[in-house]
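**Q** Pasting a structure here, questions to come.
The values are calculated or read from the model by the stated rules, or taken from the named source; none is laboratory data. Everything numeric in this text was worked out from a predicted model, so none of it was measured. Neighbour counts are summed over all protein chains in view; Cβ atoms, including those assigned to glycine, are modelled from backbone coordinates with ideal geometry. Just so you know, the surface numbers come from the protein's heavy atoms only, side chains and all, with ligands and any DNA or RNA stripped out. Shrake-Rupley method; radii C 1.70, N 1.55, O 1.52, S 1.80 Å.
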Amino acid sequence: MGVSRGFWHHEFWLPPGATWEDLKESADTHYPQPQDLLLCIPGTLLLIFVRCLFERTVALPLGRGLGVSDKKRPKVQPNATLESFYVLLGRTPKEEDLISLAKQSDLPIRKVETWFRHRRAQDHPRLMKKFCEASWRFTFYFTSFFSGLALLYDKPWFWDPTVCWLKFPQQPLPPALGWFYLLELSFYCSLVATLPFDVKRKDFKEQVIHHIATITLIFVSYCANMIRFGMMVMLVHDASDYILELAKMLNYLKWQRVCDAVFVAFAVVFITSRLVIFPLIVYYYFVTKLPLFPISCLINAFLGVLQLLHIFWSYLIIHMIFSVIFRGGKRQDARSDTEESDSSEAEDPAKNPE
């Protein structure tokens with residue numbers, strides 16, 4: 001009990017002068033309660049189930065109807081020696097390993113090289129799997145962004161960020177915003193839960209950092225009743241995500257000109273929202289209007305991590321646009337969340353900054 005009381009001490013979670021008594025609920029007034037966040041556990045499981053159902057019943061038939069097809073891949077002859085090395089020691093053996101494996105399996109070195117190349121290709125994600133994943137994320141991000149916009153457009157603090165902090169932390173929580181918060185938390189928890197099964201991307205580590213930072217920010221901001229600020233941050237971040245996933249879907253359909261146009265639109269929205277609106281408007285008023293206390297310092301740190309990721313991804317986006325779309329370079333993905341692929345296969349040119 002002592003540890004729990006220390007963890008929830010008002011001086012840690014609330015600005016100077018505020019206590020949990022200020023957030024005491026009444027029949028007509030509801031404030032965020034930490035125990036509400038436990039609903040994200042069934043919410044996460046439900047979203048994973050809905051995703052599986054969506055991919056099977058909507059995305060898969062849609063992809064087939066639009067002409068998405070997986071390339072045939074060469075079958076790999078079973079070889080216990082080579083398979084054991086592949087699983088335990090690595091997918092790309094060095095020259096000395098190839099010589100040793102050739103002797104052990106009584107095969108020419110060239111055939112051993114071919115076996116490993118085909119075996120790597122066998123593990124590469126299928127185009128249809130990529131399309132289904134992008135379709136699910138597009139559907140969620142599109143719904144999330146426009147739902148958030150509908151919830152906020154008539155709020156005065158949406159148009160004037162200074163109002164976000166009026167009478168903070170005594171800001172009652174509208175039920176719709178509370179459910180939206182729980183939905184976002186459940187979604188990012190589901191992304192973490194499915195990472196081992198999803199297409200592995202080049203920025204896998206950055207993705208993990210991003211998801212952990214996002215989950216922490218949603219959790220902490222809910223408990224500290226920073227719902228208004230949190231909604232603004234989520235809306236700014238959701239603004240470009242659905243455009244990116246649409247660009248990926250178009251790329252998998254090989255509608256390249258439309259894909260390029262949509263990707264340029266994504267780049268404009270991403271850079272404007274993440275490098276202009278977020279730091280100069282949303283984050284600026286957080287720093288200038290809120291006094292320092294432990295939770296605000298923690299949120300500052302995680303927002304700084306997100307902003308560094310925004311800069312990193314923006315660089316990759318700009319590099320991709322100039323090297324491929326404008327200069328007509330080889331369409332090989334230099335962007336942040338591109339799927340890993342072997343040199344024998346074309347890489348996916350759509351990227352995911354989150």
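**Q** In deg cm²/dmol and to the nearest 500, what is the mean residue ellipticity at 222 nm of the chain if only DSSP H runs of at least 4 residues count, each as -39500 (n - 2.57), divided by the residue total?
**A** Calculated at 222 nm, the ellipticity per residue is -19500 deg cm²/dmol.
**Q** Going highest first, how would you order 179-188, 284-293, 164-173 by mean Cβ packing within 10 Å?
**A** Per-residue Cβ counts within 10 Å, averaged per peptide and sorted highest first, yield 179-188, 164-173, 284-293.
**Q** Per-residue counts of other Cβ atoms within 10 Å, averaged by peptide: what ranking do you get for 190-200, 248-258, highest first?
**A** Ranked by mean Cβ neighbours within 10 Å, highest first: 248-258, 190-200.
**Q** So, by mean Cβ neighbours within 10 angstrom, what's the order for 37-49, 98-110 with the highest one leading?
**A** Order by mean packing, descending: 37-49, 98-110.
**Q** On to the next question. What accessible area per residue, rounded to a whole number of Å², is obtained for the chain using a probe radius of 1.4 Å?
**A** Details: 18180 Å² over 354 residues.
Accessible area per residue, the chain: 51 Å².
**Q** Tell me the relative contact order for the range 98-206 as a rounded percent, counting alpha carbon contacts under 8 Å between residues six or more apart.
**A** Reported relative contact order: 21 percent.
**Q** At 1.4 Å probe size, with the rest of the protein present, what percent of the exposed accessible area of the range 80-123 is carbon and sulfur atoms?
**A** Summing carbon and sulfur atoms, their accessible area is 50 percent of the total for the range 80-123.
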